[in-house]
1. Would you list 651, 618 from fewest to most Cβ contacts within 10 Å?
2. Taking Cα pairs under 8 Å and at least six residues apart, what relative contact order does the chain come out at, in percent?
3. Take 45, 544, 664, 429 and order them by how many other Cβ atoms sit within 10 Å, fewest up front.
4. Out of every Cα-Cα pair in the stretch 353-488, what percent are more than 21 Å apart?
5. Could you give the nm distance between label points at residue 547 and residue 190, where each point is 7 Å from its Cα heading toward the beta carbon?
6. Given that just one value was derived from the coordinates, which of [x] 181; [y] 154; [z] 275 is volume of the Cα convex hull per residue in Å³?
7. If each residue's Cβ is checked for other Cβ atoms within 10 Å, how do 566, 474, 89 rank with the fewest at the top?
8. Tell me, Kirkwood radius of the stretch 105-316 from alpha-carbon pair distances, in Å?
């Protein structure tokens with residue numbers, strides 16, 4: 001048996017000596033244990049993390065693949081997505097065949113990457129997604145850069161810059177394939193606002209949809225969708241519509257400067273629309289030119305030319321005329337072809353842009369030169385032909401799209417502007433201009449109200465005078481006497497027949513214009529006098545045609561309707577209306593036209609001077625003017641023979657520039673040597689009355705007119 005005693009001497013191992021048979025010494029074994037424990041822990045954690053990560057990644061990849069496949073299966077053919085509007089557009093053409101207004105969202109037609117200008121395609125790529133041709137629908141670098149810039153600006157990571165690729169923006173434009181549902185959304189604006197939300201959840205939804213787009217369509221087709229569906233301000237949907245709207249040319253013809261302006265709209269269409277602020281749009285276009293230069297899309301000569309000659313608006317886009325007229329067309333036309341159309345409609349209108357510009361300039365000139373600064377008074381103008389074709393319309397001092405149109409929507413008391421229709425019936429019943437009427441105190445007993453006594457504006461009585469003089473002076477008492485002698489019911493029927501369809505007053509104040517009317521209806525009623533006694537229906541369009549069609553869907557003829565009074569009676573009344581301007585005592589002397597051009601008209605001022613009117617005509621045009629405050633407060637120093645007459649005259653002078661003199665169709669009566677007493681004895685009626693108000697002609701009245709003209713309101 002071997003000796004089990006511990007070795008001694010030189011053969012015995014010492015403490016701390018070498019390991020026995022490869023076994024480590026005790027201190028070394030302790031250090032390696034700690035290393036192994038830490039290493040093992042790290043390996044364990046790594047296996048856990050890796051196991052979770054690859055499983056989560058696999059699940060996310062499967063979900064993303066499933067969502068991508070689902071979206072891919074729902075994407076239709078490209079052609080079905082080009083025009084995504086749920087409503088159509090209305091394009092309005094003036095009497096000369098020129099486009100002057102657009103309503104709704106205009107789609108100019110299909111534009112592709114092949115048919116669009118090369119400069120336009122390059123401008124879009126340089127501005128929106130310079131890596132478009134290479135990425136797979138999503139740009140991680142772009143998203144990271146956007147998050148970084150948002151955080152640096154103190155915004156949320158997904159507030160502001162989004163880093164979206166063009167493919168992702170197309171996903172937004174398609175609203176991830178969810179169509180507009182009127183039962184879910186109050187308006188298309190709310191629907192589109194929700195589609196453009198930049199939340200984290202919406203970003204996550206965009207990813208599979210963007211991948212599906214990349215799988216379903218080519219890069220060129222995705223860019224085609226973008227170019228046709230992007231909103232570019234001023235109601236233009238797509239680059240073809242925008243190019244036509246702003247520059248009057250196709251998107252296939254635009255150069256570098258115009259392309260840069262169009263591409264610059266993508267970031268904020270309403271803000272940078274050139275029709276809103278051309279200088280701001282040009283500044284933005286200059287930035288886009290720099291981006292195009294950075295990508296090498298323009299050479300030095302093209303850069304210099306684009307900056308030296310920035311894009312400008314076409315004449316049609318610059319005009320900005322006829323806004324109130326266009327609003328009226330949208331309201332008066334059939335709803336299914338205007339306000340609610342699902343088609344693109346072309347409307348041939350009666351607007352004359354030369355006359356429209358003249359009316360707008362006339363109103364601005366009078367307010368600039370004769371109305372005190374800061375005045376809140378408003379005015380409206382309507383110009384039409386004798387058959388009711390409206391040639392111009394100004395519904396207020398400043399047009400707001402879809403705003404209040406005082407020419408068509410304001411129903412205001414007419415005052416003495418209604419008197420021509422009282423005298424029209426008188427001429428029809430055989431009265432003559434030189435028949436006599438008594439301007440003397442008159443009291444009518446109104447059942448249930450007691451006695452009513454009309455008074456003249458001057459509170460003076462002039463005794464016996466001719467009907468023509470009473471009309472020219474706008475005396476109230478003679479008008480009431482004549483109206484009562486003929487019968488209020490007949491006077492009301494005559495006024496209604498001429499087109500004043502509002503409910504007219506029942507009492508004797510009917511003759512003094514206590515009823516209400518719109519300026520459009522009043523002007524049309526006066527057109528009935530000019531055309532020889534036939535009523536007219538005011539109209540603003542002659543044909544409605546669907547885009548792409550040749551034959552009109554519907555047409556509108558002349559507005560002349562049934563005869564109300566004889567032509568002879570209308571011609572006698574026309575002469576009486578000329579005396580309002582020509583006679584030394586006429587209330588409309590300020591409206592007299594230069595160069596001997598014949599004109600006829602009538603003033604009107606309501607009780608308390610809340611409304612002031614002047615309506616009249618030449619042989620060529622009928623013009624109506626109304627002035628007042630929107631809150632119905634009284635005007636200051638204004639009567640129908642003051643500022644409204646001045647606006648009317650200024651409008652007529654500008655409208656007739658370059659037109660030959662034409663005589664009015666009128667019969668000048670023979671003045672009798674001795675004016676006999678009134679040939680008709682009035683038969684007073686009774687029921688309701690109102691205090692009249694109309695300018696006189698004495699020295700005090702002249703002073704008041706001068707002060708009113710200087711002060712305005």
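1. Arranged by neighbour count, lowest to highest, 651, 618 become 618, 651.
2. Value for the chain: 13 percent.
3. 45, 429, 664, 544
4. Summing the P(r) of the stretch 353-488 above 21 Å gives 60 percent of all pairs.
5. A separation of 2.7 nm, rounded to one decimal place.
6. [z]
7. Least to most surrounded, the residues fall as 566, 89, 474.
8. Radius from the Kirkwood sum: 17.7 Å.
A short reminder: the numbers here are calculations on the coordinates, not readings from a lab. Just so it is clear, the structure is predicted and the values come from calculations on it, not from any experiment. Don't worry about glycine lacking a Cβ; one is built from the backbone with ideal geometry, like all the others, and counts go over all protein chains shown.
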